[in-house]
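Report on one structure; see the data block that follows.
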Amino acid sequence: MTTLSRSAVVIGLCATALVAVTTPASAAWTPPQELPSSAGRYPLFAAYGADGVASIGMYGPLALVPATPQAPVAISRVLAGGTVQAPAALPDGLGAPVAVSPGGTLLAVGGPRSPLDYVGLEGRRSRLRVGIGPVGDRLRRIPTNGIVGTRTLAAAVNDSGDAAVVFSRCVNAGCSARSVLATFRRRGRAFTTPVVLAGRTGYPAAAVAVNARGDAIVAWIQHRAHSRGNDVRVRLRGADGALTKVRLAGPTAPAPTIAVTLSRSRRGVVSWFSERVSEGSVGGPLAVSWVQMDSRGTIGRRRVLDTGTPSGHGQADAVRGARLRAVLGADGVTTVAWTGFAGGHYVVRAERIDRDVGRVETISPPTADAQLMDLAGDSAGDAIAVWASVPGTTAAPGVAAVIRPAGATAFGAPQLVLTGADASGTAAGAIAPGGRAIVAGGPVEVLNRDNPSGVRVTQLLG
């Protein structure tokens, strides 16, 4: 991969604008290109398939009164030479959550209400449908043996097709209480009978990861039975089906975001936005916490990464919830990235967690409001973080990519790769060995707009 030095790109900040200096030709991003038939859609993920072709997953167009709780998901392939294909909808009503393995295996879920369903009300129980196959290619339906749920929460898959899906069910008439369950699959087989993770909790959230061996780690939010508040709980499942005990990771915020990774040696990392630590801006600051687990499911070190992430802040109220991502490197080391808060601004931070050693770094300019959009890695150990300026806080909104080459311990300088509000609402990125990367950006808001913009992509061709 072409190494990007910190001096390759300089992003300077004025009081109201981002200014990008041109990159060298050896590390140049292509001019932005709009994907055909992508008006009114938002990028959901970017990924490279086993054939090396990049795919952009998008959801939308959205409707005021959706006909189905599954927000429509379609995939557009970006071929060699810059040729782009029109988005093809996922078949059989499949949608989110979607999961893509490091080698380009895609899992998509249909049936119960989607995490992208912005209406938010629970529907009737629906049968779970799951499709697995190469990203950008035909998906094969995987038997679920009549499993039903009311909302899907999270999914994961590895290159071989081992998979997990976490979902919830209403347990009372008003759906003020729900149960959280998970079902697992070994390659070539159907999904298992669901495992009950939480028998009764409030509004659910969850995260799941499957390693290359087929082991899985699941984390979820659970309401405390005899006191106010919520906790994050976690459980490991071996490839042989053996389950560890449920472990308490720690207290969480009322509306948490959870991220998990699991190495081949079954060493897990759980990170989440934890409960308030002080008063301040609207909602009070949040902490970013993580715990490590060993192969037996025992909780090891606990650590607070950041204690300055508010749930609301002046002009930056447009930040749609706290964002947190985690990715497992080729060396088994976890990188966590999140939207933090410092010096009166939203900033994007990251930490590479090597056992008990880590160093938090700020990967966005300290005097601009920026929010994390995506974090991804490749099989060679490269990593890419994508962040966007917060709408309304700068005169020149845009999307930036920040790359950490394989073997490096810190990210390089940000590169402003897309500019304008029509690229900075939602963004996704992917990286591949050999110096290739891709970033897709979508508009801030398209619902009710007469002429909504399409999704734009730019590539680093190596």
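Here the Debye sum runs over all C-alpha atoms of region 74-208 as equal scatterers in vacuum, and log10 of I(q)/I(0) at q = 0.21 Å⁻¹ comes out as -1.22.
With a sphere of radius 12 Å drawn around the Cβ of T201, what net charge do the other residues whose Cβ falls strictly inside it have (Lys, Arg +1; Asp, Glu -1)?
Taking every other residue near T201 into account, the sum is +4.
Shown for region 88-241: the carbon plus sulfur share of the solvent-accessible area, taken with all protein chains present and a 1.4 angstrom probe, equals 47%.
First select every other residue whose beta carbon is under 9 angstrom from the beta carbon of R349; then total the charges, Lys and Arg +1, Asp and Glu -1.
Net charge in that neighbourhood comes out at -3.
Just to make sure I understand: if all protein chains stay in place, what is the order of E122, E34, E351 by accessible area at 1.4 Å, largest first? Walk me through the numbers on the way to the answer.
Working: E122 40, E34 110, E351 0 Å².
Largest accessible area first, the residues go E34, E122, E351.
The distance from the alpha carbon centre of region 185-220 to that of region 33-85 is 27 Å, rounded to a whole number.
Pairwise inverse Cα distances across region 219-262, averaged and inverted, put the Kirkwood hydrodynamic radius at 11.6 Å.
The convex hull of the Cα atoms of region 152-217, projected and averaged over all directions, covers 4.3 nm². Under a model in which nothing but the beta-carbon of Lys, Arg (+1) and Asp, Glu (-1) is charged, region 105-237 shows a dipole of about 380 debye around its Cα centre.
If packing is taken as the average number of other Cβ atoms within 10 Å across a peptide's residues, how do 168-174, 153-159 rank, most packed first?
Descending mean neighbour count gives 153-159, 168-174.
The residues packed around A88, meaning those with a beta-carbon under 11 Å from its beta-carbon, carry a net charge of +1 if Lys and Arg are +1 and Asp and Glu are -1. Where does the Debye-calculated log10 I(q)/I(0) of region 334-440 sit at q = 0.17 Å⁻¹, using only Cα point scatterers of equal weight, no solvent? Treating every Cα as an identical point scatterer, log10 I(q)/I(0) equals -0.74.
The values are calculated or read from the model by the stated rules, or taken from the named source; none is laboratory data. In this text the structure is predicted, and so the values were computed from the model without any measurement. Because the Cβ atoms are built from the backbone with ideal geometry, glycine has one as well, and the counts that use them run over all protein chains shown. Protein only, heavy atoms only, side chains kept; ligands, DNA and RNA dropped before computing areas. Shrake-Rupley method; radii C 1.70, N 1.55, O 1.52, S 1.80 Å.
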